[in-house]
Number of protein chains: 2
Amino acid sequence: MEDSHYTIHFLPNDITVEIEPGKTVLDASYKGDLFINALCGGDGTCGKCKVILQSGKTQRRPSSHISVEEAEKGYVLACKTLIDDNLEVFIPEESRLDKSRILVGDNMLFSGSQAAINPGVEQFKHAPLINKIYLELPRPTMDDNMADYERLCQGISSETTISAEKLSIHLAVLKQLPALLRSSDWKITVTLANRCPLFEIIEVQPGDVSANNYGIAVDIGTTTVVAHLINLSTTETIDAEATYNSQIKYGDDYIQRIMYAAQNNAMEMMHEMLTEDVNHLISTLVKRNTLNIHNVNAVVCAGNTVMTHFLMGLDPTNIRKEPYLPVVNIIAPIRASEIDVRINSHGLLYTLPCVGAYVGGDISAGVLSIRLDKAEALSLLIDIGTNGEIVLGNKDWLVCCSASAGPSFEGSGISCGMRAAKGAIEKITITPDFDVMYKTIGDAPPSGICGSGLLECLANLVRSGVIDRTGNFQKGIKTERLRSTDNGQEFLLVDRKETAKKKDIIITQADIQNLIRSKAAIYSAISTLLESMGMDVESIEQVYLAGGFGSYLDAKSAVTIGMLPDIEIAKVHFVGNTSIIGAKMTLFSAEAHEVAKEIGTKMTYIDLMSNNKYMEEYVSANFLPHTNIEKFPSVAEELMVSKK
Amino acid sequence: MEDSHYTIHFLPNDITVEIEPGKTVLDASYKGDLFINALCGGDGTCGKCKVILQSGKTQRRPSSHISVEEAEKGYVLACKTLIDDNLEVFIPEESRLDKSRILVGDNMLFSGSQAAINPGVEQFKHAPLINKIYLELPRPTMDDNMADYERLCQGISSETTISAEKLSIHLAVLKQLPALLRSSDWKITVTLANRCPLFEIIEVQPGDVSANNYGIAVDIGTTTVVAHLINLSTTETIDAEATYNSQIKYGDDYIQRIMYAAQNNAMEMMHEMLTEDVNHLISTLVKRNTLNIHNVNAVVCAGNTVMTHFLMGLDPTNIRKEPYLPVVNIIAPIRASEIDVRINSHGLLYTLPCVGAYVGGDISAGVLSIRLDKAEALSLLIDIGTNGEIVLGNKDWLVCCSASAGPSFEGSGISCGMRAAKGAIEKITITPDFDVMYKTIGDAPPSGICGSGLLECLANLVRSGVIDRTGNFQKGIKTERLRSTDNGQEFLLVDRKETAKKKDIIITQADIQNLIRSKAAIYSAISTLLESMGMDVESIEQVYLAGGFGSYLDAKSAVTIGMLPDIEIAKVHFVGNTSIIGAKMTLFSAEAHEVAKEIGTKMTYIDLMSNNKYMEEYVSANFLPHTNIEKFPSVAEELMVSKK
């Protein structure tokens, strides 16, 4: 070890990192591949990256996020603690990013989802973007002396519907062709990549190895990256793996990351972080299933527009400046090696088409996954991840927008908010006599509240009358849980005796206003889309909730707080990680890839920021559930009952 | 200088080469980029690489090609002289390869050739394979917030007939796009490469630089490589340059080179030699015209099938083994950098389509250049280079073959034969009283006879009665020019007093038989093609002679010796280097490129070696002009007159 480096020992993981002085404990954690929750990207503003210093001296910057009590126990903010000694650092449960709740998605939804959701829609036929075909070519003779490549094309044409004019071949493969055809006695397996409208022969192998054909579907989220390993010859999902997006350290939302990259000339670094995340997932999946990476021929990525830009190495700077322009929406397939994604060296990487700056490939994947583009019924797709994107439409038209919901449902900006990780309160009930019942992820002692818990909490606060419809704590509530502090009133959810950190879990007036702003953004986005089509809430026949938060929330509570319009709960369906499902459908079926492009082109993007109607709606929606209670008859009734 | 190296000083070029001991003088000449005539590729069999040793000692292997008289003057064979001393070597005129007579081709033939030759045929419209278009894109606004790439595509579509779906972009160009569009105030020049049926945007530059668009047309012959520099925005031919094919040192014909490459694991070296020849021509043209190589966007190469294989780095081994298979006939455009051809780093390289193992892209270029595929008249195209390829047909059908004429018309295997270089006898007449009149290239003292001279010589020998119709010297000819030697009879053409080497220029009985075999191969190929279509000589309406030899020969003499069938001389047209003309037409016009592919597909290749009829015809054609004189009525008449 060099003198100028220090050793940081992280517990409970027992991981040791060597790092130069002057770096922060957060930097050291990234070096050790440990994910510490740092929603603000290391600014010191979110206060989520608390760790316990067990030995060693540090220079700490004071932080209002650390109470005197915590400071005594050794709590520090990892992002604000500079290293100038060897340290032993304990990462408490609530500061860990836990991969177990990343919405990995499952296979069930593929095989039957389109039919189940939109029963009239024909399934895509199994024709993977990259296909392996076994061929026994006729041996050449003086009477049949076609050139090797033309013979190969003829063989392919006779086994498929692809004419020779639509075929091309990688020069490196062409070079090997004559020797290979002869050594294999003209019995070969051809790997055909769809580069619509053409097909490229990316490999020729001796014998029948057509079953060795794998693909990777990737959902590149702002927060998490999920990959599925697929057997392309059977459509089976073999395995799945997820990780946090390494860019998290440079900002919780993608606008922060664009700014960081622009100011620090770090566009290339951002790009490499993402490709390395993808490579890490691929290599984990390949190793765990003892496959040869050479047999992984295709990667399909679905991500929002900014993530798609970073992945491809494209500068997203103009996305955050008026008039908010992406470099490109629909990107043609590239060789994965062009962006250093490591699969078969001739393999291709496809992306799902983006619609505009704030509606990306994850959403076109979502529309594809439920075949909203073929729906008879007027449907609403709501994907609430780090952002909230909403699509309204049916087989005839599709409009979409992005709601700046902010990350409060991911726990950011909320005193006891946290990501959906072990120990997070995910379900909560407040009884009429202000008792609180809750359930945590993994049934661990509670550390904080995640999005679905926060939503239920808000609904229960209003149902139980703790807060009024403006979100303010009601006067005259008879419970010790409601108490005043220097920072205003707060409601005690869980007493410190029960919590993991031995610290009260509370919700403050400021938290409530944050959550109301977030839900108002989603509601007003929905009503602006409806308005733009001259429709109202009654027109909505189906609602599909997608994404991590969307899959765990309680629909009734979402209506109660006015995040969703007042619709029958039976119309609400949870559709999971539609981004990865759409990516998988594309991998399996070139036809689905074409449809995704049509969807990308067909969707009309409505910019909310420049929409006056939206601002009006937003203001009216900053109530529980809404300024105009008549828009929420079921809630009106419910609240009357509960207030009785 | 290292001790283990010797210095070879070549005169008259005054070029000094350092080389290790054990190498030959021929090796040293190649190292100095000096082209010494070595038709046999350094086997010592052709005896053409004579040089004069002016100082230094060497180990020479005895050669029957060096007379005692020559040995006294210091003549040695460069290929058989091993170096173990510093040497001064003089390369005499007749041993030099002279680039001045490489059929570079000219522009005249392009602009009007198709129309002049086949008047009914519409000219191709000017639409180069790689095009530069100046665009002023509308600046984006909130109401027109299309992504940068989609805006670019819309701009292209509005200026051309190319729809957005047919466009793709190089990822590196896409990366630069957002900054470039903004810094150029949305006024840009786009370089569009035709990758039929798609188009690739290979460059975007600020401002209007659409005039800076150049291309290179290359004729890759077995012996010579010719390149033309073209202004693609005007179709003007700016300059031309030629060189000898560097592979010459490994064999005069391509079969020898295939064998050399296979036996010496030298496929890659053969490939590199060719690409370096092309690079050398391109860089010479670019420098001489003070252009930026970055503005050279396209290269179109026309070559026979083996040269096309070597160029692309494809193994041509199976071309010389039954059933004679190329790796590929029609090759899709590649990025020039893929085979290390140095132009714009994103520029493309196109090849003219081959028809089969022995009829290549030079011939499809030839057919294209005279629009034989549109001819109303039944036409014959004969391209006599190192090989002789023949096409018969019209707008309805095309058949072709390769005649193994051998290289005797390039001077190989003929005592005083030489390539068409300064001092070569190119025209010759033998008077009825056996006097000889001649004209040399450059009017220099004669050094030998080139192809056109040999053909006239043979015709004149038979016209003057020196030889009979079997090719044997007639008995009882009263001239001292006809004399006997240890190796049989020979006819003195030029006395040593007049010659450059002070050595008699003669033609021997063996020479005459060699020439007869060559002309018989061409004649019997023509008649086999006619026969295969159930036609005879009378059906031929037009004959086009192409290639180096074909452009200088005397048509009447070609009929007299029976190389061409007995047709009206007025039907014979000299069309020059049709290989480069076809390549240029392709560069100028994407439509021509499509037609070339159709031609490649449309032509039926007839293999002569497996054709019994051909062998019969060949035997009958081993006479002057033919066993059956009735097939040559004009010659019968001519010879009667001359014998009178």
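Brief remarks on what is shown
- Normalised by 2.2 N^0.38 Å, where N counts its residues, the alpha-carbon radius of gyration of segment A:216-351 equals 1.05.
- Cα-based helix-to-principal-axis angle, B:451-463 vs chain B, degrees rounded to 10: 40
- Using a Förster distance of 45 Å, the FRET efficiency for residue A:4-residue A:210 (Cβ separation, nearest 0.05): 0.20
- Out-of-range pairs (alpha-carbon distance over 18 Å; input A:374/A:556; A:23/A:50; B:519/B:556): A:374/A:556
- Along segment A:316-332 the Karplus relation, 6.51 cos²θ - 1.76 cosθ + 1.60 evaluated at θ = phi - 60°, assigns HN-Hα couplings of x, 3, 6, 5, 9, 10, 4, x, 6, 10, x, 5, 7, 9, 10, 9, 5 Hz to successive residues, with x for each Gly and Pro.
- Efficiency of FRET from Cβ geometry, residue A:163 and residue B:163, R₀ 22 Å, rounded to 0.05: 0.60
- Modelled label positions at residue B:292 and residue A:483, each set 7 Å beyond Cα in the direction of Cβ, lie 7.3 nm from each other.
- Relative contact order [Cα under 8 Å, 6+ residues apart], chain A, whole percent: 13
- Rounded to 10°, Cα long-axis angle of helix B:267-288 versus longest principal axis of chain B: 70
- Note on residue A:478: lysines with a C-alpha under 20 Å away, same-chain residues under 8 apart excluded, are A:643, A:644.
- Sorted from shortest to longest, the distances between the residue A:510 label points of this copy and the other copies are 10.6 nm, with each point 7 Å from Cα along the line through the beta carbon.
- Set A:249/A:321; A:80/A:422; B:249/B:602; B:287/B:597; B:31/B:422 screened for pairs whose C-alpha atoms are more than 27 Å apart: B:249/B:602; B:287/B:597
- The calculated 222 nm mean residue ellipticity attributable to helices in chain A amounts to -9000 deg cm²/dmol, summing -39500 (n - 2.57) over DSSP H runs of n ≥ 4 and dividing by all residues.
- Values of log10 I(q)/I(0), in the order q = 0.10, 0.16 Å⁻¹, for segment A:443-540 under a Debye, Cα-only, solvent-free model: -0.37, -0.76
- In nanometres and ascending order, the distances from the residue A:429 label point to those of the other copies are 12.1 (point 7 Å from Cα along Cα→Cβ).
- Label spacing, shortest first and in nm, from residue A:196 to its equivalents in the remaining copies (7 angstrom along Cα→Cβ): 2.5
- Nearest-ten-degree value, helix A:108-117 long axis tilted from longest Cα axis of chain A: 80
- When only alpha carbons of segment A:130-206 are considered, Rg and Dmax amount to 11.6, 36 Å.
- Bridge type composition, chain A - antiparallel percent by DSSP, nearest 5: 70
- Across the alpha-carbon atoms of chain A, the computed radius of gyration and Dmax are 26.9, 101 angstrom.
- Largest-first principal axis extents of the Cα set of the protein assembly as shown (Å): 144, 69, 55
Every number in this text was worked out from the coordinates using simple rules, so none of it is lab data. Every value quoted in this text rests on a predicted model; they were computed, and no experiment measured them. Positions of Cβ are backbone-derived with ideal geometry, glycine not excepted, and every protein chain shown enters the neighbour counts.
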